[in-house]
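Undergrad: This is the structure, below, for whatever I ask next.
The values are calculated or read from the model by the stated rules, or taken from the named source; none is laboratory data. Model, not experiment: these values are computed from the prediction. Neighbour counts run over all protein chains shown; Cβ positions are idealised from the backbone, glycine included.
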Amino acid sequence: MKTSNQPASNTKYPVNLVTGLLGSGKTTLIRHLLESKPQNEIWGLLINDFGEIGIDAAALTNPQNPENTPLMEVSGGCLCCTAFHGYQQALSTLLAQKVNRIIIEPTGLGHPAKIIDLLKQPPFTELVSISGIIGVITATQLSPERWQKSAIMRDIVTLADTLIVNKNDLATPTELAAAQSVLDNTYPPKENCIVTSLRNSVLLAPPNLVDFKQIQQPFYLIAGLDEHAQQTAGTPQPFASTLPLCTRSEMRIGNTSTIGWVFDSQLQFHRTHFLAWLNSLIIDTDKNLLRAKGLIKTGNEWQHLNTVDQQTQLSDIAWRQDSRLELIFSHALTERDIAALESGLSECLFTRN
């Protein structure tokens, strides 16, 4: 027997892709969508973390009502390449739970083209329809210089049915004007473009986003696949962490490298020391830190950490299970690099009796 909020047997399940570069605000957007979705609907999430630690999925976990938002996590690579098999399995699992809609968030290093391809192939083409692709990018990222250099960014913008230019409050008037200049010269022109600050704005109405389809579709695909393959090449490598109360440590070494830790919930981060250590990584151009994200205990509460484009944000979060930290660098980490990272991080950690 089907409940009234489940699709009929001959109806395809709508799927949305939320794409964007590292730190653009994809997870924040998904939180907006979930908070304002119809109350009688169940939306499933398929979240992809390039690293092994799984921070984005944990940040979206609803401990009070998990059955209302089934969540599948695929970590340790990109959905479109190294984690492709996991992507197929996770999608099948969500469809078996009879959700009303599925939102897929690829890693910020991912490319949407292959994810779209899978949805258009049997058996999924008979079960799902792409309701809309939502691209999220910051005004700072959308610069003419980066537009010329990054084929992945061009593809993300071109493929998006709705484009959200996020973090306008953190951009200068010059950067906002430059971003608008880039958008004015895109083809086909974006028919639904929203310039906003997701962390400060009122909730966005989902029908304007999840069901919008651009009429004039892009006529070429896809320039950024080779660039994507170069960025995400690498293999997972275990390493034994020297940090206290570390229950898990993971590393992926390649052209882009990630390193991450999971800590017991007893461990706390000294907020001032930690932010100073993180800032030292940000301002040191030799370190080439692309992104930092985490769920960290800084007292009695946990906070969601997000660092991108040399800016760090901390916000309260309901997560209470453990502390997690992941760093992404644009170069291969050496043993000396890892030792230096753990030495600096150790000065920021403590436990209370």
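Undergrad: Anything in the stretch 252-280 that is free of Cβ contacts under 8 Å to residues at least 60 places away in the same chain and either acidic (Asp, Glu) or in a strand (DSSP E or B) (or both)? List them, or say none.
TA: Asp264
Undergrad: I'm trying to understand the selection: among the residues of the stretch 163-178, which are part of a loop (DSSP other than H, G, I, E, B) and charged (D, E, K, R)? First the steps, then the outcome.
TA: Restricting attention to the stretch 163-178, the residues satisfying the condition of being part of a loop (DSSP other than H, G, I, E, B) are 167, 171-172.
The one that is part of a loop (DSSP other than H, G, I, E, B) and charged (D, E, K, R): Lys167.
Undergrad: Exactly one of (1) more than 21 Å from Lys167 (Cβ to Cβ); (2) touching a helix residue (DSSP H, G or I) at 6+ places or on another chain (Cβ under 8 Å) is unmet by Thr307. Its number?
TA: Going through the list (1) more than 21 Å from Lys167 (Cβ to Cβ); (2) touching a helix residue (DSSP H, G or I) at 6+ places or on another chain (Cβ under 8 Å), Thr307 breaks only (1).
Undergrad: Does the stretch 91-118 hold any residues that are among the aliphatic types (A, V, I, L, M) and either outside any loop (DSSP other than H, G, I, E, B) or not assigned by TED's automatic domain parsing to the domain that holds Gln214 (or both), and which are they?
TA: Filtering the stretch 91-118 for residues among the aliphatic types (A, V, I, L, M) gives 91, 94-96, 99, 102-104, 109, 113, 115-116, 118.
Correct list: Leu91, Leu94, Leu95, Ala96, Ile102, Ile103, Ile104, Ala113, Ile115, Ile116, Leu118.
Undergrad: Something else now. Can you pull out the residues in the stretch 143-153 that are closer than 26 Å to Ala57 by Cα and either free of Cβ contacts under 8 Å to residues at least 60 places away in the same chain or touching a Lys or Arg at 6+ places or on another chain (Cβ under 9 Å) (or both)?
TA: So in the stretch 143-153, the residues closer than 26 Å to Ala57 by Cα come out as 152-153.
Met153 - this is the single residue of the stretch 143-153 that is closer than 26 Å to Ala57 by Cα and either free of Cβ contacts under 8 Å to residues at least 60 places away in the same chain or touching a Lys or Arg at 6+ places or on another chain (Cβ under 9 Å) (or both).
Undergrad: Take Glu250 and tell me if it is at pLDDT below 90, among the charged types (D, E, K, R) and closer than 19 Å to Glu335 by Cβ. Spell out how you get there, then give the answer.
TA: Values: at pLDDT below 90: yes; among the charged types (D, E, K, R): yes; closer than 19 Å to Glu335 by Cβ: yes.
Yes.
Undergrad: Of all residues being part of a helix (DSSP H, G or I) and β-branched (Val, Ile, Thr) in the stretch 119-162, which is surrounded by the fewest Cβ atoms within 10 Å (Cβ to Cβ)? Just the residue, please.
TA: Residues of the stretch 119-162 part of a helix (DSSP H, G or I): 119, 124-126, 144-149, 151-159.
Narrowing the set further to residues that are β-branched (Val, Ile, Thr) leaves 125, 152, 156-158.
On the way: Thr125: 12, Ile152: 23, Ile156: 26, Val157: 23, Thr158: 22.
Filtering first and then ranking leaves Thr125.
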